[in-house]
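What follows draws every value from the coordinates through simple rules; no lab data is involved. Predicted model, so just to flag it, every value in this text is computed and none were measured. For neighbour counting, all protein chains shown are included, and Cβ atoms are generated from backbone atoms with ideal geometry for every residue, glycine included.
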Amino acid sequence: MHLKSLRGMILEFLNKIYPNMVVEFDIIGVFYRDYRDKYILKALSYLTDKGYVEAIKRSHPVRRYEEQVFYKITPKGIDLLDGTENDNGILLEDKE
């Protein structure tokens, strides 16, 4: 399993929709064809722990006792994509 490349793809996906955020379920839907949900959640945890992505919990609009988690790329995550930050745990596409 190539978690490094999955982390990079998630960052690039979140950068494309910046400044908007996206619900966890939708991120899983985007990458589920190639990766199991447990690996997607693991990659999101890594990105959140490193400060590249922000996790925002909100109450579910219909299910009163449930929460939804939304993700948004942070300025540090954008810097990583721009090349001003470096992380060996994330594989990014060459932009040249």
From the Cα centre of segment 67-96 to that of segment 19-35, the distance in Å is 15
By the C-alpha gyration tensor axes a ≥ b ≥ c (rounded if a/c is under 1.5, else prolate when a/b exceeds b/c, else oblate), the shape of segment 1-52 is oblate
With x for Gly and Pro, the residue-by-residue ³J(HN,Hα) of segment 2-19, computed from phi through the Karplus equation 6.51 cos²θ - 1.76 cosθ + 1.60 at θ = phi - 60° and given in whole Hz, is 9, 5, 4, 6, 4, 4, x, 5, 5, 4, 5, 4, 5, 5, 5, 9, 4, x
Relative contact order of segment 3-82 (C-alpha contacts under 8 Å, at least 6 apart) in percent is 37
Treating only Lys and Arg (+1) and Asp and Glu (-1) as charged, each at its beta carbon, one finds that the chain has a dipole about its Cα centre, in Debye to the nearest 20, of 480
Spelling it out for VAL53: with amide H atoms placed in the peptide plane at 1.01 Å from N, the residues 5 or more places away or on another chain with amide H under 5 Å from its amide H are THR48, THR74
Note, segment 82-92: 3J(HN,Hα) by Karplus (6.51, -1.76, 1.60, θ = phi - 60°), whole Hz, Gly/Pro = x, goes 6, x, 8, 10, 9, 8, 5, x, 10, 9, 10
Full extension between TYR39 and ASP26 adds, at 0.36 nm per residue less the Cα distance, a length in nm of 3.2 nm
Note, VAL30: beta-carbon cut-off 13 Å, +1 each Lys/Arg, -1 each Asp/Glu, net -3
Checked against the positive end of the charge dipole of the chain (+1 on Cβ of Lys and Arg, -1 on Cβ of Asp and Glu, about the Cα centre), the farthest of TYR39, TYR18, GLY51 is TYR39
Computed, not fitted: 222 nm per-residue ellipticity of the chain from DSSP H runs ≥ 4 (each -39500 (n - 2.57)), nearest 500, equal to -14000 deg cm²/dmol
Env charge @ TYR39, Cβ radius under 13 Å, K,R +1 / D,E -1, value +4
By the Kirkwood definition, with r running over pairs of different Cα atoms, the chain has a hydrodynamic radius in Å of 13.7
